Amino acid sequence: MPANAVEVKSLSKRFGAFTAVDAVSFSVEKGEIFGFLGANGAGKSTTIRMLCALLDPTSGTASVGGFDIRREPEKVKRSIGYMSQRFSLYDDLTVAENIRFFGGAYGLNRGTVASRLPWVLEMAGLRGREGSLARTLSVGWKQRLALGCAVLHEPGIVFLDEPTGGVDPASRRRFWELINGLSEQGMTIFVTTHYLDEAEYCNDIRLIHAGRIVAGGSPTELKTAAIRHPILEVACDRPVEALEILQKEPWVVDTSIFGLSLHVGVGEEAEGRRLLADRLGRAGIAVRRVDRIMPSLEDVFIHEIETNAAPGPAAAGEAKP
Amino acid sequence: MKGPTLGGIRSVVKKEFREIRRDSRSLGFMIFLPAFLLLMFGFALTLDVKHIALAVVDGDGSQASRELVDQFSTTEYFDLKAVLPMTTAIDPLMAREDIGAALVIPPRFAEDLLAGRSPSVQVLLDGSNAMTGATAGGYIAAILQTYSQKITLETLARRGLGGLAAPVAAEVRVWYNPELRSSNFLIPGLIAFILMVIVTISTASSIVREKERGTMDQLRISSLGSPDLIIGKMIPYALISLGSAHLVLLLSQVLFGVGIKGSYPLLLLAMVLFVCGALGQGLFISSITRTQQVAFLLALLTSMLPTFILSGFIFPVRNMPAVVQAITYFVPARYFLAALRAIVLKDAGLAAVWPQILFLAAFALLALGGSAARMGRGEKEPRPRRGRARA
Ligand SMILES: Nc1ncnc2c1ncn2[C@@H]1O[C@H](COP(=O)(O)OP(=O)(O)OP(=O)(O)O)[C@@H](O)[C@H]1O
Ligand SMILES: [Mg+2]
């Protein structure tokens, strides 16, 4: 068996003239939590679906669990778990019926299903609700149940496509605890998200933007290595106007807006503070406070996108053809 | 591609039955709609055309003409509503729907009859309801024919001669159902219609629903092969639709007195083959569509229209233009209907219906084989585009 659970070499997918995934390469070590981060439409799901042998790549190669996704798609499918973005459950089946059906579909015998059932109920926090129809569960429960169903057959690798979309922070935290638990049992986790804060839970991260990988590494590596210039957090009046003014300045590396304050990347801290006060002062914008901060992953992401990839105003928002 | 496995099929069948049982809409669609359609069509066609209000313009006023009028008013199909002085009085009555049919007996009707000159009796029908009009036309033709035969016999007896022309020529065409039993005609067509539409739509949408909800991807990751899935989906829908066909048969026996004259096993064989074809068609549609709306529309169009229009259910095939007739050769419902009518109404055996059975078997094989091939291949289809709305 190879050391890596997933090995991807310049994998591409085109839909007609549009390139959804553009020659991405990376590898995922066994047992780690691998985060695939990107905005809506970045190409996360497309990549996952190729790795799960649900979608044929246009070019490039990849192996999952040691099997080639083109030559041995059936073996790839047998060795993975997959939770799609729509956390696919049968709404008209009860919790227990969903678990039993997927158990049967994965070819588990009755005994195995019976022994896994309490485990899934326990982990999803659904003990006592075995008889509820899946349609009556709230999104957070559904996600946990879908995760349980996806790992019923104890696959070596599980692909989770935006498993935490649309739920409250408490549910997200709970979900990540489950993921951590699975990882501790030795399962390799490949997870996509567009919540940048969730990346902190991952051992290894790739940032994907418009189909291309723009940065990668562990969260700490990303923060320290990717950004070699100071970031200033600026609290000022009329932040939107200030942002527009600063974006045009040659000494500003990148800018973004965080709530009521701005994050401004500058070449050098003292010089940056001086130029900033000067420029905003001329525009009549009162600056209340300027602090040097540790970059967040969001700063890293914005920085990478602005410097690496996109010509034009590509922020962390929509990136569509 | 993997072969079918018993465990896999059983999982899918069980799951499918559970989903159908809990989804009251699909249950109603598959079981109650057919019964409802039968009641609606059945009663509309058997009751509405009785007691048609009839007006008579008797230009002759002879004993012979009164006798002819009696032929009508003594049946339960016609009620004599008015005796009018002239034909112009008919129009306003019919426009107000006071009458549904009018009989115009020409002057010198009796005289012509006696002279053997075949007088022409004019019949006017309210065609605004084509069904009623056509059925009334059938009744009138039958009554006139009976009357003609009586006159012929009388004339022959009187003259001691043979070979004369029919005494009364009626200008009414019999469109269908000359036996005056609309239910006989209707029930086989309705069974075909019900089986085809319900099976095609249910199978197509049950698979496309899985694509839409993403469960199809989950199944593709699992160890179920496409044969497991296809067979597992087929069994519940085939059983339910056959059950609902039997319900229709039972209801038509109880309510309309249409019993099965022919062999039941042969009938069952025809139904099973027809259902398999419809299943295949539904599966095929699901393999080329991605949303439930499109699948529903396509299933509806390809099942309902041909079954309704091109099978001979409503319009006899022999009255269609040649091009359309040629198309009907590719409509399975046409063969099914022919076989069904022959078996149910005429006690036809395999010797009479084997060509239809053969065609149905061929269609079933083609449809199922084609969709299995497509589903096996279609496993690498790209995912549908979705709208992305996220805060
Ligand atoms: N079957 C398809 N045909 C054409 N274009 C497609 C298809 N599937 C995806 N795309 C396009 O490819 C791009 C990447 O899509 P993908 O679903 O991989 O993004 P994503 O990163 O998963 O986004 P999200 O966060 O919204 O799930 C999008 O612009 C999408 O519209
Ligand atoms: Mg996605």
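Taking amide hydrogens as placed 1.01 Å from N in the peptide plane, the amide H of A:F15 sits under 5 Å from those of A:A20, each at least 5 positions away in sequence or on another chain. B plus A alone minus the pair: what accessible area, both sides summed, probe 1.4 Å, in Å² to 100? Buried area (both sides, nearest 100 Å²): 3400 Å². Here the accessible area of the range B:52-158 is 54 percent carbon and sulfur, with a 1.4 angstrom probe and all protein chains present. Connecting C-alpha atoms closer than 10 Å in a GNM of chain A, tell me which of A:M294, A:M187, A:M50 has the biggest fluctuation. Sorting by GNM fluctuation, first place goes to A:M294. Which of A:V234, A:V151, A:V95 moves the most in a Gaussian network model of chain A with Cα springs under 10 Å? Of the options given, A:V234 has the highest mean-square fluctuation. So for chain A, considering every pair of alpha-carbon atoms, how many percent are separated by more than 24 Å? Cα-Cα pairs of chain A separated by over 24 Å account for 59 percent.
Do any trypsin sites (Lys or Arg not before Pro) in the range A:125-219 lie in a DSSP loop with no more than 12 other beta carbon atoms within 10 Å, and if so, which?
A:R127
Counting only protein heavy atoms and a 1.4 Å probe, the protein assembly as shown has 44 square angstrom of accessible area per residue. Dipole orientation for the range B:52-158: of the candidates B:L113, B:L54, B:L68, B:L113 has the Cα lying most toward the positive pole (charges on Cβ; Lys, Arg +1; Asp, Glu -1).
About its Cα centre, the dipole of the range A:135-231 is roughly 240 debye, where the only charges are +1 on Lys and Arg Cβ and -1 on Asp and Glu Cβ.
Both radii come from the Cα set of the range A:29-178: Rg as radius of gyration, Rh as Kirkwood radius; their ratio Rg/Rh reads 0.97. Loop-located trypsin sites (Lys or Arg not before Pro) in the range B:8-100 (DSSP state not H, G, I, E or B) with no more than 15 neighbouring Cβ atoms inside 10 Å: B:K50, B:R96. Of the trypsin sites (Lys or Arg not before Pro) found in the range B:258-323, those that fall in a DSSP loop while having at most 13 other beta-carbon atoms within 10 Å are B:K261. For the range A:208-301, the pair-distance distribution built from all alpha carbon pairs, in bins 10 Å wide starting at 0, is 16, 48, 27, 9, 0 percent. Computed over chain A with a Gaussian network model linking Cα atoms closer than 10 Å, the most mobile of A:G181, A:G267, A:G128 is A:G128.
Using the Cα centre as the reference, give the magnitude of the dipole from point charges on the C-beta atoms of the protein assembly as shown (Lys, Arg: +1; Asp, Glu: -1; all else neutral), rounded to the nearest 20 debye.
With only Lys, Arg, Asp and Glu charged at Cβ, the dipole is about 1360 debye.
The antiparallel fraction among DSSP beta bridges confined to chain A stands at about 70%. Contact residues in the range B:1-35 (at least 30 Å² less accessible area with all protein chains than alone, 1.4 Å probe): B:S11, B:K15, B:R18, B:E19, B:R22. With both labels modelled 7 Å from their Cα along Cα-to-Cβ, the A:E184 to B:F32 distance reads 5.2 nm. Placing unit charges on the Cβ atoms of the charged side chains and taking the dipole of the range A:20-115 about its Cα centre, the candidate lying farthest along the positive direction among A:L108, A:P73, A:G60 is A:L108. All distinct Cα pairs of the protein assembly as shown go into the 1/r average, and the inverse of that average, the Kirkwood radius, is 31.4 Å. Placing +1 on each Lys and Arg Cβ and -1 on each Asp and Glu Cβ, with no other charges, gives the range B:52-158 a dipole about its Cα centre of roughly 260 debye.
The values are calculated or read from the model by the stated rules, or taken from the named source; none is laboratory data. Everything quoted here is computed from the prediction, not taken from an experiment. For neighbour counting, all protein chains shown are included, and Cβ atoms are generated from backbone atoms with ideal geometry for every residue, glycine included. To get the accessible areas, we keep the full protein, side chains included, count just its heavy atoms, and leave off ligands, DNA and RNA. Shrake-Rupley method; radii C 1.70, N 1.55, O 1.52, S 1.80 Å.
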